[in-house]
Amino acid sequence: PDPMAVPSGPPEHEASVPDAVVAVSWSPDGMMAVVGGAGGGLWRVDGAGAVCGTLPGHRDGLFQVAWQPDGPWVASAGQDGHARVWDVARGVEVAAIPGGVPWVEQLAWSPSGEWLAVGAGRHLTLWHRERGVAHVVSGHHSTISALAWRPDSRVVGTAAYGGVSLWEASTGASAGTLPWKTAMVSLAWSPDDRWVVAGTQELAVQVWPQPFEEGDELAMSGYPGKVRELAWHRTGRYLATGGGDQIMVWDCGGKGPAGTTPRLLEGHVARVTALAYQRRGHLLASGGQDGLAFFWNVGKSSAPLRQSRVGSPVTAMAVSPDDQRLLVGGHDGRLAWLRFPGAA
């Protein structure tokens, strides 16, 4: 589409932090968010665009930040050998979870908020909000590159070279494997528990139907780059994927995406770096290295509904719990609060 023809809207609020943004995450009530910086800093920001406090963060650098889905805690993963859990309101550390190696790169809360999975090197640590560290699984053949929870919070998947390993949260025991011959760079479990998908080193998206039987896997290829961006529609019907300056959206309804052609979304003029669907609505948001954010209604059209200029390469984004706003973080520390089209 002609960029000039796409309606454009400025951010509702803007702010900045003194570091490149690597992750943003909203509180469950949508009143606040936490922002993680590449150097290890953590900032609290409110819904009106004000930076209203800091947390101690990580000494040597930070990789991920995630707010507990149903509670007051934020988890962060960093280069000091630990994942850390913070009570944001009080500004204090609740737990320091050793990763077993100097760099702790992966973490993911279970949808229930009860469990925190931590991936560091070849180690998976399962931390429980009441019992602390419950299990440490060290049997991976290579570094864990991504984590994803089954929607029922009972099983977590770890992506590494050779496929995805599944682990029971309650026991730490193996719940099976989803094999593939190469390394993974991203992982996502569909909300309807029909599919597990991963971006691979060979510029493709690997798909395993659930429950999985050997030979059922399929690959969707043709991407110009590695697919690190995966976003599921809340129903599990649509899977949005990055991997270039176009967004490919696959219809995973019915018999699934095998043999189908994805819908191509064109608007970005540089690589797509972030994708996020609304939690209850139908709209998709995208951000790119071009410093632009777009909103799409994929089920109805391939044309963007609106664009906003963030002004810095987009490095993180998150949808507010009420689906009204998108918080976008940039490489230069810029933060932008954008309104979804149709939001009150």
Point to revise | Which listed residue, of 80, 60, is touching a residue at least 40 places away in the same chain (Cβ under 8 Å), farther than 23 Å from residue 151 by Cβ, open to solvent by 10 Å² or more (accessible area, probe 1.4 Å) and touching an Asp or Glu at 6+ places or on another chain (Cβ under 6 Å) | key: 80
Review point. Looking at 72, 98, 7, 18, which is the one that is under 30 Å from residue 139 (Cβ atoms) and surrounded by fewer than 17 Cβ atoms within 10 Å (Cβ to Cβ)?
Key: 98
Point to revise | Candidate set from the stretch 108-130 (those that are at negative phi and outside any strand (DSSP E or B)); member that is surrounded by the fewest Cβ atoms within 10 Å (Cβ to Cβ) | key: 130
Check your understanding: Give me the pairs: first residue in the stretch 185-207 and over 16 Å from residue 248 (Cα atoms), second residue part of a loop (DSSP other than H, G, I, E, B) and among the charged types (D, E, K, R), beta-carbon distance under 7 Å, and six or more apart or on different chains, which are they?
Key -> 185/226; 185/228; 189/150; 191/234; 193/150; 201/226
Practice item. Could you list, in sequence order, all residues of the stretch 31-57 that are small (Gly, Ala, Ser) and either surrounded by 15 or more Cβ atoms within 10 Å (Cβ to Cβ) or in contact (Cβ under 8 Å) with a residue 40 or more places away in the chain (or both)? Key: 33, 36, 37, 38, 39, 40, 41, 47, 49, 53, 57
**Study point:** Among residues of the stretch 131-142, those that are of a type in the set (Val, Ile, Thr) and either loosely packed, with under 15 Cβ neighbours inside 10 Å or touching a helix residue (DSSP H, G or I) at 6+ places or on another chain (Cβ under 6 Å) (or both), counted
**Key:** 1
Practice item. Scan (1) farther than 21 Å from residue 245 by Cβ; (2) within 18 Å of the chain's Cα centre (by Cα) for the single condition residue 255 breaks and write down its number. Key: (2)
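Which residues, counting only those in the stretch 284-306, are open to solvent by 10 Å² or more (accessible area, probe 1.4 Å) and closer than 14 Å to residue 267 by Cβ? Reasoning before the result, please.
We begin by selecting, within the stretch 284-306, every residue open to solvent by 10 Å² or more (accessible area, probe 1.4 Å); these are 289-290, 292, 297, 299-306.
Hits for the stretch 284-306 are 289, 290, 292, 297, 301, 302, 303, 304, 305, 306.
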Study note, to complete from the structure: For the stretch 19-49 the number of residues that are within 19 Å of residue 322 (Cβ to Cβ), at pLDDT 95 or above and part of a loop (DSSP other than H, G, I, E, B) is 5
Check your understanding: Just to be sure, is residue 85 under 22 Å from the mean Cα position of the chain (by Cα), under 22 Å from residue 326 (Cβ atoms), in contact (Cβ under 8 Å) with a residue 12 or more places away in the chain and outside any loop (DSSP other than H, G, I, E, B)?
Key -> no
Revision key, fill the gap. Checked 176, 172, 199 against criteria (within 24 Å of residue 121 (Cβ to Cβ) and touching a His at 6+ places or on another chain (Cβ under 9 Å)); the one match is 172
Study note, to complete from the structure: Exactly one of 156, 185, 164 is more than 25 Å from residue 285 (Cβ to Cβ), among the β-branched types (Val, Ile, Thr), modelled with pLDDT of 95 or more and touching a Gly at 6+ places or on another chain (Cβ under 7 Å), and that one is 164
Check your understanding: Looking at 228, 309, 271, 263, which one is of a type outside the set (Asp, Glu), closer than 23 Å to residue 35 by Cα, in contact with a Ser or Thr (Cβ under 6 Å, 6 or more places away or on another chain) and open to solvent by 30 Å² or more (accessible area, probe 1.4 Å)?
Key -> 228
Point to revise | Residue list for the stretch 169-205, restricted to those being under 24 Å from residue 114 (Cβ atoms), acidic (Asp, Glu) and exposed (fewer than 15 other Cβ atoms within 10 Å of the Cβ) | key: 193
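The values are calculated or read from the model by the stated rules, or taken from the named source; none is laboratory data. The structure displayed is predicted, hence computed values, not measured ones. We place every Cβ from the backbone using ideal geometry, glycine too, and count neighbours over all the protein chains shown. These accessible areas exclude ligands, DNA and RNA; they are computed on the full protein's heavy atoms, side chains included. Shrake-Rupley method; radii C 1.70, N 1.55, O 1.52, S 1.80 Å.
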